[in-house]
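See below for the structure under consideration.
The values are calculated or read from the model by the stated rules, or taken from the named source; none is laboratory data. Bear in mind that the values here come from a model prediction, so they are computed numbers and not experimental data. When we count neighbours, we look across all protein chains shown, and the Cβ atoms used for this are built from the backbone with ideal geometry, even at glycine. Please note that ligands, DNA and RNA were not included when accessible areas were found on the heavy atoms of the full protein model with its side chains. Shrake-Rupley method; radii C 1.70, N 1.55, O 1.52, S 1.80 Å.
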2 protein chains.
Amino acid sequence: MSTKSVQPKNIDTRDRILDAAEELFVEHGFAATSLRAIATRADVNLAATNYHFGSKMGLLGSVFHRHIFPVNEERLKRLKALERSERSLTLNEILEALFLPLIEGLPHERLPALMGRIFSEPESITKPIIEKEFAEVAARFQAAIVKVLPDLPIEILRWRFHLMIGSMIHMLKFQSPIGSEYSRDMFTKGIEELINYSVAGLSRGQNLQGNPDQQVNHQEISK
Amino acid sequence: MSTKSVQPKNIDTRDRILDAAEELFVEHGFAATSLRAIATRADVNLAATNYHFGSKMGLLGSVFHRHIFPVNEERLKRLKALERSERSLTLNEILEALFLPLIEGLPHERLPALMGRIFSEPESITKPIIEKEFAEVAARFQAAIVKVLPDLPIEILRWRFHLMIGSMIHMLKFQSPIGSEYSRDMFTKGIEELINYSVAGLSRGQNLQGNPDQQVNHQEISK
DNA sequence: ATTCGATTTAAACGATCGTTTGATTGAATG
DNA sequence: CATTCAATCAAACGATCGTTTAAATCGAAT
């Protein structure tokens, strides 16, 4: 109420609710997870969920924001750092700025699965959240990609960007290819593959400008 | 009961339930759709849903099977036709056999959205369905792709196949890139882009055998 | 005309849902 | 010590859920 921000006395409760909600949302989805199950797992009173987060949707928003906000901050920070240099960027650099924050300084082991799940919810649930959290990141990175692929018609680039996001979501959701077991190394490898795959898909048929390094892989793999 | 299959007397009810369920599942997801809402939209009695399909899960299975089965049949038919020829196949041909049945002779306009939604449900829901409907298609196409990319380590190929499926699901779910309006032409264009994108991603760094056409794009990327 | 199985129906089952209420706690403030 | 207020609690709100029951209805075969 005062101008000084009031610290909540008991941050344990809030955080325990967030932790429990996160686990259950990932496992069963939003609609199939009850506030009672969350409260039970968090070992708090049922009414505490509404007291701290207003509603079930509010809780979902908070669960998501907690982990994705720092990742998106890091993404924008890296992109801005790249853009401050005056040379023209490479597609590889841009996608690294977009995807590597998902594993470097990973704020929480459960973030990837959480992102994968939220993006999979029906649009009525995800739309406000995605617009709030991702509007800026999506716009800025798409603009950056346009710059390195100037000859690609915009409608094709939109499709490819769309396909890239789909790969990312699916990869985050399962975290290892079907039939393989999860491990941190496996996941890291997946992010690298995601970057390679996306570079190839986005730039198909295009002359890439910028650092020729990014074509090295391309060449050295061709025997 | 007899050896002759008994035709249900009133296929109207069954089909009306399937139609209604399909629309509502796509729009709101499985958990958030009630059997009462389905029965109301289908203009049938609530108990009819359990009578004809046993349970809500049974209904979901039937909704999905109805449209995806013919598509998967067509996919396998095309792949087998390719494999009967004795020349070595191209990646492009294989992916066309995998993706073009989604638009050619499209059994139902709503299939893409339905596939996109089902694949997005929590694993506890989708796992039995996906295993039942897609096990053979996934195995056969993955094997075919291995043959045209013999030098690609299997763990990398698994990731790339995984990323490709992610692109497909996302593309089916939205049917047009964010910010663009849906049209049948737009969707067809998206399938074509999906094939191009996947060829580039899967074959990145690989020498493709078969029709050299598909390498043209690949080469012109390197300036 | 009657029988019979398949289908439809109204009604209810017990369970669970998100949210709200009003009392109670407990630590900080004066 | 008295006051205050954020936080917690048990309990209940009305609504809705998937499923089941048992009677009613219908068409075709006997």
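Using only side-chain charges placed at the Cβ, +1 for Lys and Arg and -1 for Asp and Glu, the dipole size of the protein assembly as shown relative to its Cα centre rounds to 640 debye. Report relative contact order for segment B:21-63 in percent, whole number only (criteria: Cα-Cα under 8 Å, sequence separation at least 6). It comes to 36 percent, rounded to a whole number.
For segment A:61-206, the share of alpha carbon pairs falling in successive 10 Å distance bins from zero is 10, 41, 37, 11, 0 percent. Starting from the label point of B:Asn50 at 7 Å along Cα→Cβ, the same points in the other copies fall at 2.9 nm, in ascending order. Under a Gaussian network description of chain B, with springs only between Cα atoms under 10 Å, the residue in B:Gly54, B:Gly105, B:Gly179 that fluctuates furthest is B:Gly179. Summed over both chains, the contact between B and A buries some 4900 Å² of accessible surface at a probe radius of 1.4 Å. Shape summary: segment B:19-137 maps onto an equivalent ellipsoid whose semi-axes, from the alpha-carbon gyration tensor, are 33, 13, 12 Å in decreasing order. Rg and Dmax over the alpha-carbon atoms of segment A:8-54 stand at 10.0, 31 Å. Each copy carries a label point for B:Gly105 at 7 Å from Cα toward Cβ; from one copy, the others' points are 5.5 nm away, ordered from shortest.
Once the Kirkwood radius over Cα pairs is known for the protein assembly as shown, the Stokes-Einstein relation at 10 °C and 1.306 mPa s delivers a diffusion coefficient of 67 µm²/s. With its label point put 7 Å out from Cα toward Cβ, B:Gly179 sits 3.7 nm from the same residue's point in the other copies, in order from shortest.
Taking B:Asn196, B:Asn72, B:Asn50 as the candidate residues, the one with maximal mean-square fluctuation in a Gaussian network model of chain B, Cα springs under 10 Å, is B:Asn50. Exposed loop GluC sites (Glu not before Pro) only (DSSP loop, at most 14 other Cβ atoms within 10 Å): please give the longest stretch of chain A free of them, not including the sites. Counting at most 14 other Cβ atoms within 10 Å as exposed, the longest clean stretch of chain A is A:1-85.
Among the residues of B:164-176, the average count of other protein chain beta-carbon atoms within 10 Å of the residue beta-carbon is 6.
Its Cα centre serving as origin, segment A:8-54 has a Cβ charge dipole (Lys and Arg +1, Asp and Glu -1) of approximately 220 debye. For helix A:11-28, what angle does its Cα long axis make with the longest principal axis of chain A, in degrees from 0 to 90 and rounded to 10? Helix A:11-28 and the main axis of chain A meet at about 60 degrees.
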